[in-house]
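Asks: Input: one structure, supplied below.
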Amino acid sequence: MLDRQQGAAANDQVTIRRRATGLTLHDRSRSAGGYTLFAPQTAAGAVYLVDIDGDIAHQWTMPVRAGRDAVILANGNLGYNGSHATSLELYPAWNLWHGGDFYEATPDGEIVWRHEDPRHHHDAQWLPNGNLLYTAAEAMPAHLAARVIGGDERKDGADGVIQSDVVTEVNRKGEVVWEWKAWEHLDPADFPVHTIFDRRHWPMINGLSVTRDGLVLMSLRVTSGVIAVEKATGKVVWHVGPDVVAQQHTPVETNTGNILVFDNGNLRKGVTSPHSRALEFEPATGKLVWQYADRCAPCFFSPYMGGAERLENGNTFICESAFGRLFEVTPQGETVWEYVIPFFAPYPKDVGPYITGEHNSVFRAHRYPASAISWL
């Protein structure tokens, strides 16, 4: 007969929490080791650094809940992308992915820098020179918005306004030092919106990074594609499209010069069962050189958010965002470490009714070697 504690667990109506959480797998001989950082979307500003055994090694409590990501900077401080208290309400789902309240905090939690931009959405990158690179939204000129094609016309806004993307770089004074507007460089005819999305936001840049050669990589969510932009001219120097990726996130350059992405796979051509993958491709050709998918493909799937990064030992660290599952795989695709975030809570009311219930979701997570956490 179940005791009171067991009975409460048995009656838990949160499906993911009824399954194993915390550290669920660890092969010490093949894992890269180190520390894992994550900021749950529903944790009201809590940021966790867990060791390789899944124990909390350090925690921050930030002033606002995570809008998107948190990272450890080169100086050991925390770079935090918080959810701005003032929403622009650009369209109904805007609150799902805006951030815009950026903080740099010491390990002790002292705020040493802050930048606000209520136009921000999705990704941001803290650059080595101290600048901040991020995506922001701005209404497209009406004559160009009229040229956006594809998508579900029934879900378009009544005012006909389409938001587009302005990639912005600011310095430590908050001054804009570089800006790139999507509609000035991309032809809507070449980037149609997929049928599962409306056209309120085109092409929705949900991921950014900078290559060793200074190209800015941009992930185009609603059109499925990754582009590389030359900063000096704004020119798109290469584009990999929906024949390779599907509603992807997180394009990053590997040490070999290839590009690694988290390929969400909400709608992948020729595939009837949605599932996610981590993909590595050659930027010049789009040729796949490596991929990871679960042996039972639908068992690995995040319809939104997600991340993948290459570790020092050649393994790949993957964030299955929607279900708070963080795991590490070898080049052969074998899982050698897995941790399921055990912290669940509902999203704020301003996000509903788009995401209901209790969640352990996270925009992205990061693995760091012990040498990067020298202050611990």
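Asks: Mind listing whichever residues of segment 64-81 are closer than 13 Å to Pro348 by Cβ and under 17 Å from the mean Cα position of the chain (by Cα)?
Replies: Matches in segment 64-81: Arg65, Ala66, Gly67.
Asks: Does segment 92-103 hold any residues that are crowded, with 18+ Cβ neighbours inside 10 Å and farther than 14 Å from Ala136 by Cα, and which are they?
Replies: Within segment 92-103, just Tyr103 meets the criteria.
Let's see how each residue does on (1) more than 24 Å from Arg147 (Cα to Cα); (2) more than 18 Å from the chain's Cα centre (by Cα):
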residue: Val167; (1), (2): no, no
residue: Pro188; (1), (2): no, yes
residue: Pro192; (1), (2): no, yes
residue: Ser209; (1), (2): yes, no
residue: Asp213; (1), (2): yes, yes
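Asks: Shifting gears a bit: Are any residues in segment 128-152 over 17 Å from the mean Cα position of the chain (by Cα) and more than 21 Å from Leu186 (Cα to Cα), and if so, which ones?
Replies: Selection gives Pro128, Asn129, Gly130, Asn131.
Asks: If you don't mind, another one. Against the condition touching a strand residue (DSSP E or B) at 6+ places or on another chain (Cβ under 7 Å), under 14 Å from Phe262 (Cβ atoms) and aliphatic (A, V, I, L, M), how does Ala365 come out, does it pass?
Replies: In short, yes.
Asks: Also, I was wondering about something else. Does segment 306-320 contain at least one residue that is touching a Pro at 6+ places or on another chain (Cβ under 7 Å), surrounded by fewer than 22 Cβ atoms within 10 Å (Cβ to Cβ) and within 29 Å of Val222 (Cβ to Cβ)?
Replies: Checked segment 306-320: no residue is touching a Pro at 6+ places or on another chain (Cβ under 7 Å), surrounded by fewer than 22 Cβ atoms within 10 Å (Cβ to Cβ) and within 29 Å of Val222 (Cβ to Cβ).
Asks: If you check Gln332 against the conditions, is it under 30 Å from Val236 (Cα atoms), modelled with pLDDT of 95 or more and not in a helix (DSSP H, G or I)?
Replies: Answer is no for this residue.
Asks: Taking the criterion of being surrounded by fewer than 22 Cβ atoms within 10 Å (Cβ to Cβ), free of Cβ contacts under 8 Å to residues at least 12 places away in the same chain and more than 28 Å from Trp202 (Cα to Cα), would at least one residue in segment 70-82 satisfy it?
Replies: Checking segment 70-82: at least one residue is surrounded by fewer than 22 Cβ atoms within 10 Å (Cβ to Cβ), free of Cβ contacts under 8 Å to residues at least 12 places away in the same chain and more than 28 Å from Trp202 (Cα to Cα).
Asks: On to the next question. Could you please let me know if Asp159 is out of contact with any Pro (no Cβ under 8 Å at 6 or more places or on another chain), farther than 23 Å from Ala46 by Cα and in a loop (DSSP other than H, G, I, E, B)?
Replies: yes
Asks: Restricting to segment 119-162, what's the tally of residues that are modelled with pLDDT of 95 or more, open to solvent by 20 Å² or more (accessible area, probe 1.4 Å) and closer than 15 Å to Trp94 by Cβ?
Replies: 3
Asks: Determine, yes or no, whether Val177 is surrounded by fewer than 17 Cβ atoms within 10 Å (Cβ to Cβ), under 20 Å from His121 (Cα atoms) and more than 19 Å from the chain's Cα centre (by Cα).
Replies: Yes; evaluated as a whole, the condition is true for this residue.
Asks: Checking Arg68 against (1) at pLDDT below 95; (2) over 27 Å from Ala370 (Cα atoms), only one condition comes out false. Which one?
Replies: Every condition holds for Arg68 apart from (2).
Asks: Within segment 37-69, track down each residue that is on the phi > 0 side of the Ramachandran plot and open to solvent by 30 Å² or more (accessible area, probe 1.4 Å).
Replies: The answer is Ala44, and nothing else.
The values are calculated or read from the model by the stated rules, or taken from the named source; none is laboratory data. Only a predicted model underlies this, so the values are computations on that prediction, with no experimental measurement involved. Cβ: placed from backbone, ideal geometry, glycine included. Neighbour counts: every protein chain shown. Note: areas computed on protein heavy atoms with side chains; ligands, DNA, RNA excluded. Shrake-Rupley method; radii C 1.70, N 1.55, O 1.52, S 1.80 Å.
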